[in-house]
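What follows is a set of notes on a single structure, which appears directly below.
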Amino acid sequence: MSTGALSQQHSPWSINSRTVVFGAVGAALYAVLGLFSFLIPGTQSVTVRPAFAIVPFFGKRFGVIAGFFVGFVGNVIIDLLQGSGLQYWNWSVANGLVGAIAALIFAAIPPISNEAVRHIVTALGALVATALGLLFVITDIWFQEGVDFNVFLTLNYLPALLANGIAVVILVPVLDAAWEPLAKRAGL
Amino acid sequence: MDITPRYLGSGSFLGRRDPRLLLLVPVLYLVAVANVADVRGMLLCTAVAWLYYLAAGIPWREVRANWALLLTFTLILVVVNSVVTGADTRAGTGPALFTIPVTGTEMTWTTLSYAVTTLLRYISLSMVSFPVAFNIAPSDLGTALARLRLSQRLAYGVDLTFRFLPSTAAALRETVDAQRVRGYEHSRSRNPFRKLLSLRPVVVPVTVNALIDAEDTVNAMDLRGFGAKHRTWMRELAFGRTDYLVLAGFAVLAGAMTATKILGPFGEVWTP
């Protein structure tokens, strides 16, 4: 039994019809489910977006390009639907990077036979990808006037990591476990 | 729940423009307003953004909820960062007008001027971004990105994403209804972990079903030789003289504002 990441015959960097379609499906899922979020009690503005778990999941299962596409395009569409347009484009890139980094992390992890360990590794890998990918929002310091390192860390990065981290730790292993038998059956 | 992207500016001045123009203008505007600290310079840019927004012809009643959300979020951001906590502000040399209780942040004309500048920047950026959301026909976005030299396959992916949105939203509705019939209820708990776990019966089937259905699309595209040759698009886009003029106008604005930030007064906070 493998970690459930990309099978050996697929390069994580390839762009084929499968990458394009699964990327598009993932972005649509992220956009639709991404409109649902809820506030963490006791905080002022930290909202958990459950759909964020779709980004590292697609990165793990369908590669770097699909992972980036899901995070980037999905977030752009959410912004478009909410009316912000491309104003926060660097947050969309950060979302995309989460998917891309998740793909690279899981491509590097050797097969794990124990199911429980695999779920834990999946959760941790997704969390690390989220922590690394969201670091890109440090660009707010240069692109959003008046954001310094403290603002980036305390108001932007850490709240986003907390909110999205909770979502990926819980939902990515669940999604992965649900897709594992179907992926095997389909030979993916 | 209507998830379909709304094409609201049909027939307006911007609605008749090449969609590539609507994608390029926010980039140029972002260059123009980046690091402008003088409120007079920002007012000038905001006036341009306002005219651009009016040209989009977006009905107010359709987007007032979007504006309410954006203005609330932006106002909180600026008030908290620039006024209450002083995390993002510019020190002034003038006398303190008043002091914020608890945080002890001293308010000067410089601080207030800078806060207004920041607020205007966010609002005006939204003005030039709204036409991207509401004046580009969803079916034109893929073509526009391909014409902007994005990879043909990825441009088609964007096109495909917009086609999948209505069916994905419908699948979500059906799944929620089906699970409700089985007794599913969304958790009212305040515990975020419990709330997330309660979403499993919705998120997992919607995702897995979408992936299974996607296999058919992959097979259909493979059978038609997707990616084997350079893709052509049915939709023809033409960058007209008016498009060039608008683009040139924003390019001049970006160049002029950059020059004034470096050489002139717009790089410093203006104090009345």
**Fill in**
Within the stretch A:59-77, residues within 10 Å of chain B (Cβ to nearest Cβ) and of a type in the set (Lys, Arg) come out as A:61
**Fill in**
Residue pairs qualifying under the 7 Å Cβ cut-off, at least six apart or on distinct chains, with the first in the stretch B:65-77 being within 12 Å of residue A:88 (Cβ to Cβ) and in contact (Cβ under 8 Å) with a residue 12 or more places away in the chain and the second being outside any helix (DSSP H, G or I) and of a type outside the set (Ser, Thr, Tyr), are B:70/A:83
**Complete:** Going through the stretch A:123-152 in order, the residues found to be at pLDDT 95 or above and either among the hydroxyl-bearing types (Ser, Thr, Tyr) or in contact with a strand residue (DSSP E or B) (Cβ under 9 Å, 6 or more places away or on another chain) (or both) are A:130
**Complete:** Scanning the stretch B:140-156 residue by residue, those over 19 Å from residue B:16 (Cβ atoms) and either open to solvent by less than 40 Å² (accessible area, probe 1.4 Å) or outside any loop (DSSP other than H, G, I, E, B) (or both) turn out to be B:142, B:145, B:146, B:152, B:153, B:154, B:155, B:156
**Request:** For the stretch A:70-77, state whether one or more residues are farther than 26 Å from residue B:215 by Cβ and at pLDDT below 90.
**Result:** no
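Counting only residues that are at the interface with chain A (Cβ under 10 Å from one of its Cβ atoms) and open to solvent by 20 Å² or more (accessible area, probe 1.4 Å), how many does the stretch B:128-139 have?
Applying the first criterion (at the interface with chain A (Cβ under 10 Å from one of its Cβ atoms)) to the stretch B:128-139 yields B:128-134, B:136, B:138.
Now drop any that are not open to solvent by 20 Å² or more (accessible area, probe 1.4 Å), which leaves B:138.
The number of residues fulfilling the criteria is 1.
The values are calculated or read from the model by the stated rules, or taken from the named source; none is laboratory data. These figures come from a predicted structure and were not determined experimentally. Every residue, glycine as well, gets a Cβ built from its backbone with ideal geometry; the counts of neighbours run over all protein chains shown. Protein only, heavy atoms only, side chains kept; ligands, DNA and RNA dropped before computing areas. Shrake-Rupley method; radii C 1.70, N 1.55, O 1.52, S 1.80 Å.
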